[in-house]
Structure formats: C-alpha cells, structure tokens
1. Using the structure shown, decide if Leu5 is buried (at least 16 other Cβ atoms within 10 Å of the Cβ), at pLDDT 85 or above and assigned to a helix (DSSP H, G or I).
2. Give the residue, chosen from Ala98, Ala112, Ala179, that is at pLDDT below 65 and buried (at least 20 other Cβ atoms within 10 Å of the Cβ).
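The values are calculated or read from the model by the stated rules, or taken from the named source; none is laboratory data. Just so it is clear, the structure is predicted and the values come from calculations on it, not from any experiment. As a convention, Cβ positions derive from the backbone with ideal geometry for all residues, glycine included, and neighbour counts pool all protein chains shown.
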Amino acid sequence: MPPILLHAVAAILYAALAVHFWRTRWRSPAPRTAGIERWERAALLAPLALHTWLLYQELVAAPGLRFGFGQALSVTLWLAVLIYWFESLFVNLEGMQALVLPIASVCVLLPAVFPGLESPSYASSLGFRAHLLLAMLAYSLFTIGALHALLMALLERQLHGGRRDGGAAPPGSGQGGGALVGPLASLPPLLTLERLLFRILAAGFVLLTATLATGVLFSEELFGKALRFDHKTLFACLSWLIFGGLLVGRWRYGWRGRKALRWTLAGFVALLLAYVGSRFVLEVILGRSLA
C-alpha cells in the first residue's frame with residue numbers, strides 16, 4: 001500500500017474515534033464518570049500503532065532525514081496521543097479525546113502532503129537527534145497543556161454564566177451546583193484540571209530547558225558559537241521566559257484562573273512559532289531548508 005494511503009488510513013481511524021468520543025462524551029446529555037472503556041482504549045492503539053510505524057519509516061528507516069514542519073507536528077501529536085493514553089490510566093480525562101484526536105487526524109497527514117526538504121549532514125548526528133527528541137517531547141507536553149487550558153477556559157466561562165443565572169458552585173470544587181450542563185458536564189473538576197495543567201507545564205519546562213541547553217551545545221560544536229540569533233531562537237527563548245514566569249508566579253503568588261490560562265496559551269503560541277512556524281515559512285513559502 002502506498003505511504004500516502006497509510007497516512008490516510010491513520011487519519012480516518014483518528015477521525016472516526018474523534019466522532020465517537022464527540023457523540024458519547026460531548027453530545028451525551030448525561031455526564032460520564034467511569035472514564036474511558038477498555039475497548040475504547042484498545043481502539044485508540046490501532047491508529048497510534050500505524051502512526052508509530054509511519055514515523056519510524058520516515059524518520060528512522062529512511063536513508064535521508066527529512067524533518068520539516070509536517071514531521072514536527074506529526075511527531076508532536078503522536079506523542080500527545082501517547083501521553084494522553086497513559087495519562088488516562090490514572091486520571092479521568094473525559095472530554096479530552098474529542099479535542100486531541102481531530103488534531104491528530106490532520107497532523108498525521110502532513111508528512112505525506114509536505115514531505116519536507118533534505119536535512120543537512122549534521123542532522124544525523126547523535127547530539128542533534130537528542131536535541132530534536134527533547135524538543136518534540138516538550139512540544140507534546142505543551143500541546144496537551146494548551147488543550148487543558150482551553151478546556152479550563154470553557155469550564156470557567158460556563159461556571160461564571162451559571163452563577164449569573166443564579167447557580168453556584170461549591171467552594172473548592174471547581175464545578176457543581178448545577179452550573180455545568182451539556183458537554184462540559186462530563187469533564188473533570190476545574191481544580192483537578194488546574195493541578196494537572198501545572199504538572200504538565202512543569203515537566204514541559206524542564207524538557208524545554210534541556211532543549212535550549214542541548215541546542216547551545218550543538219550550535220557551539222557545529223558553528224563555533226553558543227547561540228545563533230534567529231527567529232527560532234528568539235521565539236524559543238520567549239516561550240521559555242513565559243512558561244518560567246508562569247511557574248514562578250504560580251509558586252510565589254498563587255497564580256491561577258484566567259491569568260494562568262493566558263500565560264499558558266501565550267507561551268504555547270510562542271513555542272509554536274519557534275519551530276513549526278519558521279519551518280513552514282522556509283519550506284513552503286521560501287522553499288529553503290534550515291535545521
């Protein structure tokens with residue numbers, strides 16, 4: 001079977017599961033508390049396994065490394081689905097499936113549509129691959145964090161609306177008191193999502209710090225200077241400062257709510273522009289390659 005058809009099969013499987021979770025979680029009138037069922041967890045492994053095989057063929061088995069914005073987004077969402085799959089073993093994340101899987105169904109197609117340009121010879125070195133792996137892990141965690149932030153924004157908006165209509169949530173619960181209705185009723189409590197968000201952001205910040213550190217070492221080894229000032233470096237450092245400031249604000253001043261959500265989304269946008277945005281412009285618009 002041609003590779004593009006395999007990409008299409010993986011995309012269809014992700015999309016079919018997304019529709020299933022949308023209908024059973026978001027459109028169901030009754031909230032679910034049992035979490036993901038066994039057959040659903042097993043079904044998620046089908047597109048995930050195919051996605052894994054495709055990435056292996058493109059990034060490991062292929063004679064030359066092509067790693068552009070399409071591959072970056074594909075790897076990021078593959079890791080996001082994988083992390084979510086393991087995360088759901090321990091935390092009830094009802095409602096997250098319908099957000100993660102549609103994005104994965106699009107991103108798994110991107111390497112087939114935008115194969116990327118041939119990477120320089122140094123891209124096959126161990127140091128570069130380690131730097132790349134750390135970057136993709138950080139991207140994946142921050143992607144999940146951004147999705148959590150969007151969910152929390154929706155929850156907070158409906159809770160505020162419920163209070164304006166006369167409903168009230170119990171103190172410390174993050175939801176309840178009849179404030180939440182419809183699709184958001186099946187999601188975890190707001191405070192549960194908030195604690196999980198900051199755990200994800202802390203882990204992502206550690207990986208992002210390691211990514212920048214290995215990038216400095218890699219740049220010094222190849223180009224003779226510790227840091228090349230370009231758009232990628234600028235946005236990567238900006239995202240590091242944003243996430244670092246958010247974590248310090250949380251620890252020192254107890255930041256939460258809308259302020260934390262805005263910082264999270266701002267940091268994610270900066271990180272997205274750091275690599276994916278710059279690679280898209282270079283490869284698709286300008287037709288050049290840059291490691």
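1. no
2. Sole residue among the options that is at pLDDT below 65 and buried (at least 20 other Cβ atoms within 10 Å of the Cβ): Ala179.
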